[in-house]
Amino acid sequence: MDAGKVVIMEWRKSSRSGSEGDCVELRQDLTALRDSKHPQTELPVPIEALRALLTHLR
């Protein structure tokens, strides 16, 4: 990565999320989660833990 290049990470929420704003969002690079009501706070998540969570939810 170039030292002067800024990378903006996008956040995604489930397409099944309602309009209430009570959503868990997943960072584009799959390394963090956050609560859509408190987007300034991120929870780092190991990729293995995320895979296990998604497998369990499916």
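The values are calculated or read from the model by the stated rules, or taken from the named source; none is laboratory data. This is a predicted model, so every value here is computed, not measured. Cβ coordinates were reconstructed from backbone atoms using ideal geometry, including for glycine residues, and neighbour counts include every protein chain displayed. Protein only, heavy atoms only, side chains kept; ligands, DNA and RNA dropped before computing areas. Shrake-Rupley method; radii C 1.70, N 1.55, O 1.52, S 1.80 Å.
When a/c is below 1.5 the answer is rounded, else prolate if a/b is larger than b/c, else oblate, so apply that to the chain with a ≥ b ≥ c taken from the square roots of the Cα gyration tensor eigenvalues.
oblate
Give the relative contact order (percent, whole number) for the chain; include only Cα pairs under 8 Å separated by 6+ residues.
Relative CO of the chain lands at 21 percent.
For LEU43 and ILE8 in one chain, what is 0.36 nm times their gap in residues minus the Cα-Cα distance, to one decimal in nm?
Stretched fully, the LEU43-ILE8 segment lengthens by 10.9 nm.
Would you work out the charge dipole size for the chain about its Cα centre, treating the Cβ of every Lys and Arg as +1 and the Cβ of every Asp and Glu as -1, and quote it to the nearest 20 debye?
Numbers: 9 positive and 9 negative charges, 37 e Å.
So the dipole magnitude of the chain works out to roughly 180 debye.
With θ taken as phi - 60° and the coefficients 6.51, -1.76 and 1.60, list the Karplus ³J(HN,Hα) couplings across region 30-42 in order, rounded to whole Hz; mark glycine and proline as x.
Computed from phi, the couplings for region 30-42 are 6, 10, 7, 10, 7, 8, 4, 7, 9, x, 6, 9, 10 Hz.
Per the 1.4 Å probe, what fraction of the accessible area of the chain, in percent, lies on carbon and sulfur atoms?
Ligands and nucleic acids excluded, carbon and sulfur give 53 percent.
Can you give the helix-only mean residue ellipticity at 222 nm for the chain, where every DSSP H stretch with n ≥ 4 adds -39500 (n - 2.57) and the sum goes over all residues, rounded to the nearest 500 deg cm²/dmol?
Counting only the DSSP helices, I get -5500 deg cm²/dmol.
Could you provide, to the nearest whole Å², the per residue accessible area of the chain with probe 1.4 Å?
With the other protein chains kept in place, the chain gives 88 Å² per residue.
Using amide H atoms built 1.01 Å from N in the peptide plane, name the residues 5+ places from VAL45, or on other chains, whose amide H lies under 5 Å from its own.
The list, which skips near neighbours in sequence, is ALA32, LEU33.
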